[in-house]
Structure formats: structure tokens, C-alpha cells
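Structure, as C-alpha cells:
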Amino acid sequence: MLHIIVCIKQVPMVSELPWDPRTGTLKRETAQGMMDPAARRALEAALQIKADRTSGPVRITAVSMGPPMAEEVLYEARALGADRGVLLTDPCMAGADTCMTAVILGKFIKNHCPDAGLILCGSMSSDSETAQVGPQLAEDLDIPAIGYARRLELLDGCIRVERHVDDFLELMEMDLPGLVTIDHAGESDRYTPRYVALGGVEAAFNTGNIQVMNRRALGLDHAFNALKHSPTKIMDVYSPVTEKKGRVLTGAVKKMVDTLFDDYGKIISSAMGKDLKTHDHEEDK
Amino acid sequence: MTNILVVADIKQGELKGSTAELLSRARALGADTAVVAVGAQVKDLADQLAAAGSDTQYIVEDASLEIFSANPFAAAVVKAANEFNADMVWFGFSETGKAVAPRVAVQLEAACATEIIDVTIDGDAVQIIRPAIANKVLQKVKVNAPKLVAVVRAGAFEADPEIAGKENVVALDPPETDTRAKIKELISDASGEIDLTDADIVVSVGRGARDQAGVDMVKDLADDLAAGFGSSRAMVDAGLMAHNKQVGQTGKIVAPSLYIAVGISGAIQHLAGMNGSKVILAVNKDPEAPIFNVADFGIVGDLFDVVPLLKEEIKKIRA
Ligand SMILES: Cc1cc2nc3c(=O)[nH]c(=O)nc-3n(C[C@H](O)[C@H](O)[C@H](O)COP(=O)(O)OP(=O)(O)OC[C@H]3O[C@@H](n4cnc5c(N)ncnc54)[C@H](O)[C@@H]3O)c2cc1C
């Protein structure tokens with residue numbers, strides 16, 4: 001029996017950004033939450049492995065570390081087909097950075113899922129975009145890891161992974177237990193997440209079996225304090241000034257292109273590694 | 001004094017521009033600099049690495065490092081970091097760098113930060129700035145650990161041509177090969193093409209180009225400019241462009257001297273991948289397209305009319 005652990009983060013909907021100016025962290029309690037799109041793809045990958053009869057029996061545990069409201073994404077994971085949902089939550093875990101998050105998830109897997117064969121994460125969350133938790137977790141568990149996977153295939157005692165990195169398509173094989181992060185990709189590819197009818201989530205809510213674990217249940221030291229022990233701490237969050245007051249032209253195409261080369265001909269030619277004498281207009285000749 | 005170790009960005013035996021950019025910034029911060037080069041054949045790059053601004057070059061060369069694998073690569077970097085007593089290890093942006101950095105951080109018991117755009121050192125206090133949520137916000141992050149491993153976002157720092165280091169080559173033993181995760185096959189998606197993340201000019205095509213003929217027309221423009229050729233995700237989803245050409249939050253992050261967006265609306269996820277470009281030109285028939293909010297110069301018009309004229313002008317420059 002293969003035990004797959006899927007690590008799922010709840011992220012805020014991008015349209016809302018409630019930051020706590022005092023602690024410099026996201027006020028997740030007041031944000032409208034959703035399952036991180038990359039984690040959703042990781043769950044989809046697990047569900048497809050489970051559905052494939054040649055994999056043999058598979059059990060899926062969805063785990064999330066977060067505030068109490070993060071249980072929503074676990075109910076959703078259950079509705080989608082995860083066998084178990086576990087929420088790791090405790091006031092002392094608040095403010096965990098990627099490193100502390102990996103430590104907490106690592107503790108759960110070491111102490112409570114010794115039979116874990118495959119750990120799946122999203123490659124990068126849509127809010128903090130660090131791409132760090134997966135590789136840090138693998139290092140913490142001392143297991144091999146492959147990032148940015150597009151396709152998985154279970155073999156005997158190992159897994160074959162296809163991924164695109166830095167202009168290469170790589171076919172890799174990795175011994176299990178191991179960790180794979182699932183990449184974002186085009187909408188129409190293999191791990192396009194399945195759709196849940198709302199009734200499905202509601203039904204999962206009614207079954208009501210999300211396991212909640214606090215610091216003590218997890219086996220973390222009583223002095224554990226994620227905010228204090230995190231090697232990075234967000235001090236300030238602000239909006240970058242990105243709007244430019246550029247020149248936007250309308251009108252006759254020829255005229256616009258001429259103006260463009262009057263204004264930017266030098267820049268264009270120097271980027272091309274050529275000298276531009278002066279830009280001459282045909283009508284001037 | 002801060003010791004900063006920069007991980008050389010080497011692709012297909014060639015040293016990429018980001019290495020000099022990172023070293024320039026490290027020197028501007030007053031740090032002692034070293035660089036580590038990992039690969040099957042990297043010894044010959046030592047003089048280039050010194051010229052890029054490093055005062056020590058750690059060389060980890062072994063035939064087993066021909067094909068990138070995260071574990072041995074991380075082990076090699078850790079070895080160099082310990083040898084140099086590095087306070088910071090900086091990677092230039094690449095997917096491989098992003099995969100290795102967190103592993104190096106755990107082994108060095110260092111803080112880890114990806115996609116950083118700035119670092120400040122004030123005595124013992126180290127702060128970094130990084131964008132998040134598709135560039136919607138910037139985070140100022142304090143480093144609460146004695147060491148930092150960071151991945152620097154493309155285009156964040158500029159290379160100072162005045163800077164040069166000195167050659168001081170230190171060869172390190174190669175790490176043990178990792179047999180737990182191995183590459184079976186490696187297929188290049190981009191042989192002979194201009195590397196998007198390293199190009200001076202990038203031309204990107206969006207849904208406005210409609211079909212293969214439209215894509216080919218814009219590709220021609222890119223070729224005339226000797227530019228890298230990218231695209232929005234809509235074109236990747238439509239199967240008209242390969243995923244490794246996608247620019248944006250979930251694709252490549254580019255910061256060329258000149259970015260030309262053709263038929264791209266400028267969705268926030270696309271902007272996240274290109275709004276660090278020095279000059280942005282946009283062609284779109286919709287005057288309200290958000291791409292014009294970040295463009296230095298916008299042409300409101302039908303790309304099927306505009307692109308042929310652009311090509312004519314560029315032919316003149318090439319002549
Ligand atoms: C989680 C997530 C991640 C994403 N990541 C990325 C990413 O990394 N990169 C990315 O690009 N997108 C990404 N997207 C998708 C993004 O939201 C947009 O859907 C996409 O960028 C749109 O591509 P487009 O601009 O080519 O198409 P459209 O938005 O359809 O725009 C086409 C534009 O072409 C113009 N046009 C049409 N005909 C002509 C003509 N004849 N002449 C001139 N102009 C014309 C139109 O006015 C329009 O502005 C992501 C989305 C999500 C949800």
C-alpha cells in the first residue's frame with residue numbers, strides 16, 4: 001500500500017490582501033481563502049495515481065499547516081477524494097516562515113506517517129511564491145526530491161518523473177520514499193485539477209472528519225515558537241509603484257511607427273548591437 | 001566584513017550574465033567575494049569568473065556533474081560555502097538554482113529567500129526585499145539567522161563593467177554521486193535558440209496573433225531583432241507556443257533592455273514576468289489594455305498592420 005502525503009496551503013484570493021501591519025504577516029483570518037493552485041495540481045496527481053489500478057492500493061493524506069480556517073481546503077481535498085485530512089494548527093505555529101513550515105510538516109510526517117512513500121507539494125504557492133517548502137521538507141526528512149514535475153508514473157519501488165526545467169525536458173527516476181513538487185503548467189495538461197460540485201464540499205463538511213493536531217499532539221517541543229525561530233521575518237509589505245506614464249499613440253500606423261523610431265530608435269538599435277545614424281522618414285526625402 | 005559566495009550560472013558550458021551582476025552588487029555592498037562553478041567542464045572559465053568580479057574561484061569539476069542533479073550540486077555549493085566561510089550564498093535566477101538553494105540553506109542552517117530584488121547590510125542586520133503575489137506587493141524581510149541563502153530575481157542587479165576580481169583558483173573534490181534520484185534522459189527544448197532569460201531583447205506574442213501564421217510573423221520580427229522569442233500563457237494553452245517560452249508568474253521572469261509585447265493584454269500574471277524590463281514597447285488594438293500601464297511606448301493598432309512596418313524599419317537598421 002502506497003501512502004501519499006499531499007501538502008496543501010490555503011492562500012488568499014489575490015483580489016484581497018489583508019496584511020497585519022503590526023506583525024508584518026498576512027491576516028489570513030480575514031482573507032477569503034482558497035486552495036493554492038499548485039497544491040491543487042499536486043492533489044490531482046495523487047488522485048490520478050490512486051485511480052490507476054496498476055498502482056495497487058493507495059491511501060492519500062492531505063495535510064495543511066495554517067490557522068483554523070485552513071480546514072476549508074482540507075474539506076475540499078476530502079471531497080475531491082483524499083482519504084484523510086489533517087490540519088496542523090496552534091498559536092505557536094503562527095508566523096512560521098518556509099523553514100519553520102517545513103520543520104512542522106516534517107514533524108508530522110516523521111511522527112505520524114512513518115509509512116509515507118510519496119510526498120507531493122505544489123512547486124510554488126500563488127501568494128508568497130518562494131518555492132522553498134518542498135525542497136526544505138525533503139532535506140529535513142533526508143529523502144530525495146524532484147521539483148517542477150509535469151508527469152508521474154509509479155514503478156516498482158520508484159517513481160518516474162517528467163519535468164521541464166531551464167529549457168530541458170528531463171525524464172528522471174527516483175527511489176521512494178521521495179518528494180516531488182508539481183509544477184504549474186498550461187490549463188489543458190495532465191494535472192488540470194478536477195472540478196468539485198459544491199454539493200461535494202458540503203457533503204465532505206457533513207462527514208466532519210478533519211483531524212486537528214496542535215503542538216503537543218504533533219510532538220513539538222513546548223518552547224516551540226515559529227515566529228521567534230523563523231530565520232526570516234516579514235517586516236513590511238508595501239505596494240510597488242509599477243505604473244509608468246508612457247506614451248501611448250493612436251492614429252495612422254505608419255506615423256506611429258515613425259514616432260516610435262524617432263523616440264526609441266537608438267535604444268532599439270543599441271540593444272541589437274547596431275549603430276543607428278538618424279532615423280529618416282520616407283516622406284521627408 | 002561579509003563574505004558573499006556567488007554560484008556561477010553556467011548553461012551549456014557558457015557563463016551567463018547574471019554571475020557578473022551578482023558579483024558587482026556583492027562588491028558594491030563591500031563584501032569579500034568568491035564564486036563557485038560546478039560542472040563537468042568549468043575549469044577553463046576561471047579567468048572569466050575573475051573578470052566577472054570574484055576574488056576566489058572554487059571549481060568543482062567532475063564528469064558526473066555533466067547532467068544537473070540537485071543533491072550533488074547542493075553538496076558542492078555547501079562545500080565551497082564552508083571553505084569560504086560564506087555569510088551569504090547567492091544564486092542567479094534559474095529553476096535549477098531555485099531547486100538547489102533551499103537544500104543548501106538547510107545544510108548551512110541558513111535563512112532562505114527566493115526572488116529577491118535587493119539586499120541591505122547594516123552591521124549585523126540583513127534585510128532583503130522580494131516581490132510577492134504576482135508583483136502586487138513587495139515584502140521587506142529581516143534575516144534572523146547568521147547566514148542567508150538567496151536566489152536573486154532576473155534583472156535585479158546591474159553588472160558594473162569597471163569591476164574585476166583576481167584569479168585565485170581553488171579546486172574542490174567533487175561530491176558523492178546521488179543514486180536516489182537520477183536522470184534517465186535529457187531532451188533540450190531549446191537547442192540553438194536564444195535564451196529568453198539572457199537576451200537583450202525579448203519579443204513576446206499573445207492571443208492577438210490568433211494562429212500559427214500570426215505567431216510566425218511575430219517570430220520573424222524577433223529573428224530580425226536577434227531577440228529571444230516569448231509568449232503569454234494564452235498561446236501556450238492554445239498549443240501555439242512551448243511552455244518554456246511562457247513569460248510570467250508561472251513561466252520565465254525576464255528583464256531585458258527591451259521588451260516588445262505584441263497582442264498581449266497585460267494580465268497581472270504576465271506583467272509579473274516582464275515589468276522589470278528597462279524599456280517596454282507594446283502593440284495592442286485595445287487602448288484600454290493594461291499592458292499600456294507599464295509600457296514606455298504603446299502603439300494602439302492592429303498588429304497585422306504594425307508588425308510588417310516595424311520589420312521594415314528594423315531592416316533599415318540592420319542594413
Ligand atoms: C495562476 C495563474 C497563473 C498565470 N500565469 C501566467 C503567466 O505566467 N504568464 C502569462 O502570460 N499568463 C499567465 N496567466 C494567464 C493570464 O491571466 C492571462 O490569461 C494571459 O496572460 C492572457 O494572455 P494574452 O494577453 O495573450 O491573451 P488575452 O488576454 O486574450 O489578450 C489578447 C490581447 O490581444 C489584443 N489583440 C487582439 N487582436 C489584436 C490585433 N489584431 N492586433 C493587436 N492586438 C490585438 C487584445 O486587445 C488583447 O488585449 C496565469 C493565470 C493564472 C490564473
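The values are calculated or read from the model by the stated rules, or taken from the named source; none is laboratory data. The shown structure was predicted, so the numbers you read here are calculated from the model rather than taken from an experiment. All Cβ positions, even for glycine, are placed from backbone atoms using ideal geometry, and neighbour counts span all protein chains on display. In case anyone asks, the SASA skips ligands and DNA or RNA and just uses the protein heavy atoms, side chains included. Shrake-Rupley method; radii C 1.70, N 1.55, O 1.52, S 1.80 Å.
The residue list B:Thr19, B:Val106, B:Asn3 was ranked by how far each Cα lies along the charge dipole of region B:3-171 toward its positive end, using unit charges on Cβ atoms, and B:Val106 comes out on top.
Which whole number gives the average, over all residues in A:144-154, of C-beta atoms from other chains lying within 10 Å of the residue C-beta?
Working: counts 8, 7, 5, 7, 4, 0, 1, 0, 0, 0, 0.
Averaged over the peptide's residues, the number is 3.
Using a Förster distance of 51 angstrom, determine the FRET efficiency expected from the C-beta separation of A:Thr192 and A:Asp236, and round it to 0.05. Let's see the in-between values first.
Details: r = 37 Å, r/R0 = 0.73.
It comes to 0.85.
Accessible surface for the protein assembly as shown, divided over its residues, is 41 Å² per residue with a 1.4 Å probe.
Between A:Asn111 and A:Arg160, the contour length at 0.36 nm per residue exceeds the alpha carbon distance by 14.9 nm. With a simple spin-label model that places each label point 7 Å from the Cα along the Cα-to-Cβ direction, the separation between A:Ala203 and B:Glu288 comes to 4.2 nm. In whole percents, the pair-distance distribution calculated for region B:196-318 from its alpha-carbon pairs, binned every 10 Å from zero, is 15, 53, 31, 1.
Over the Cα atoms of the protein assembly as shown, Rg to Rh with Kirkwood Rh, two decimal places?
Details: Rg = 24.5 Å, Rh = 25.2 Å.
Checking Rg against Rh, the ratio lands at 0.97.
Let's test the formula: R0 of 56 Å, r as the Cβ-Cβ distance of B:Ala125 and B:Lys311. What FRET efficiency results, to the nearest 0.05? Before the final figure, lay out the partial values.
Working: r = 52 Å, r/R0 = 0.93.
E between B:Ala125 and B:Lys311, to the nearest 0.05, is 0.60.
To make sure I understand the rule: partners must be aspartates and glutamates, Cα under 13 Å from the Cα of B:Lys316, and not fewer than 8 residues away in the same chain. Which ones qualify? Within reach: A:Asp258, A:Asp275, A:Asp280, A:Glu282, B:Asp224. As a calculated quantity, the FRET efficiency between B:Asp118 and B:Ala226 at R0 = 25 Å, using C-beta atoms, amounts to about 0.20.
Could you list, in their original order, any pairs among A:Lys9/B:Lys11; B:Lys11/B:Lys142; A:Lys255/B:Lys311; A:Lys244/B:Lys136; B:Lys11/B:Lys43; B:Lys98/B:Lys147 whose Cα atoms are separated by more than 26 Å? From the list (A:Lys9/B:Lys11; B:Lys11/B:Lys142; A:Lys255/B:Lys311; A:Lys244/B:Lys136; B:Lys11/B:Lys43; B:Lys98/B:Lys147), the Cα-Cα distance tops 26 Å for A:Lys9/B:Lys11; B:Lys11/B:Lys142.
The simple spin-label model puts a point 7 Å past each Cα toward its Cβ; for A:Arg216 and A:Met69 those points are separated by 2.7 nm.
For every helix of n ≥ 4 consecutive DSSP H residues, a contribution of -39,500 (n - 2.57) applies; sum these over chain B, divide by its total residues, and give [θ] at 222 nm rounded to the nearest 500 deg cm²/dmol.
Numbers: 8 runs with 84 residues, N = 319.
Computed mean residue ellipticity for chain B: -8000 deg cm²/dmol.
Taking all Cα pairs closer than 8 Å and separated by 6 or more residues, the relative contact order of chain B comes to 14 percent. For region A:30-73 and region B:256-287, what is the separation of their Cα centres, given in Å? After rounding, the separation between the Cα centres reads 35 Å. Highest mobility in the GNM of chain B, judged by mean-square fluctuation with C-alpha springs under 10 Å and restricted to B:Lys219, B:Lys43, B:Lys182, is found for B:Lys182. Projecting label points 7 angstrom from Cα along Cα→Cβ for B:Val170 and A:Met13 puts them 5.4 nm apart.
Distance from a point 7 Å along Cα→Cβ of B:Asn82 to each backbone N in region B:89-114: keep the residues under 15 Å and list them by number. Label zone hits: B:104-110.
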